[in-house]
Amino acid sequence: MDWGWLSHSQYLAAFLVGLFGGVHCIGMCGGIVGALTFSLPQTKRESLRTLAPMLLAYNTGRIGGYVLAGALMGGLGAVFLAVLSPDSVLVFNRILQVFAALFMIALGLYLAGIWYGVAKVEQIGRVLWRYVEPLGRRFMPVNSPAKALPLGFVWGWLPCGLVYSVLAWAFAAGSVAKGALLMLAFGAGTLPALLLMGAAAATLTRFTRDSNVKRTAGFLVVALGLLLLWRALV
């Protein structure tokens, strides 16, 4: 049986984690997006032509930070594979596949509202954030896309259980390209919640908070994780 499609399904799962974790994203980054908006004069805030470039620049920088982090974690996984003996590579590669599958299952349970263990991963990044956060202050107040872009890049490293969980997943991918693509897919999933602030975001939030929708998305991710786990074990 050809399991090639399953390898690519991890990107769909990462996208779903970002999309249905949108409520969490609004809670983490919504205040920053609000600061971007209210740093502009009222006349510019009410103009989509003025506001859109700011939001696009911020989110481009934020997702760029995700992609870089994913590439670094994927590269780190690749280094581990490179220094091992040929026999050990097969064993370690299988361990990474199992690790990635278990994280996919954990993220699915988070989306379904069953288990929130991935949120504890945020504690890992708080030490690093103490050094990164002051860099973002240099671009405040944000009154141009040129400032919004680097601010978004800095805030892409904000301690977030979802982000760090997908980064662990990127490490398990064992490849710079795969790690970057996983984080790109995740970042693309978070875009609707953070771009459509206001009435549209409220509608999206209600949709993503719907228990049936969350369970369906979560169980879909869990099912993909179980398939990956079964494939790794057999």
**Prompt:** Of the residues in the stretch 126-155, how many are closer than 20 Å to residue 184 by Cα and at pLDDT below 85?
**Reply:** 1
**Request:** Quick one: count up the residues across the stretch 90-104 that are open to solvent by 40 Å² or more (accessible area, probe 1.4 Å) and among the aliphatic types (A, V, I, L, M).
**Result:** 4
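The values are calculated or read from the model by the stated rules, or taken from the named source; none is laboratory data. Worth saying up front: this structure is predicted, and the values here are computed from it rather than measured. Protein only, heavy atoms only, side chains kept; ligands, DNA and RNA dropped before computing areas. Shrake-Rupley method; radii C 1.70, N 1.55, O 1.52, S 1.80 Å.
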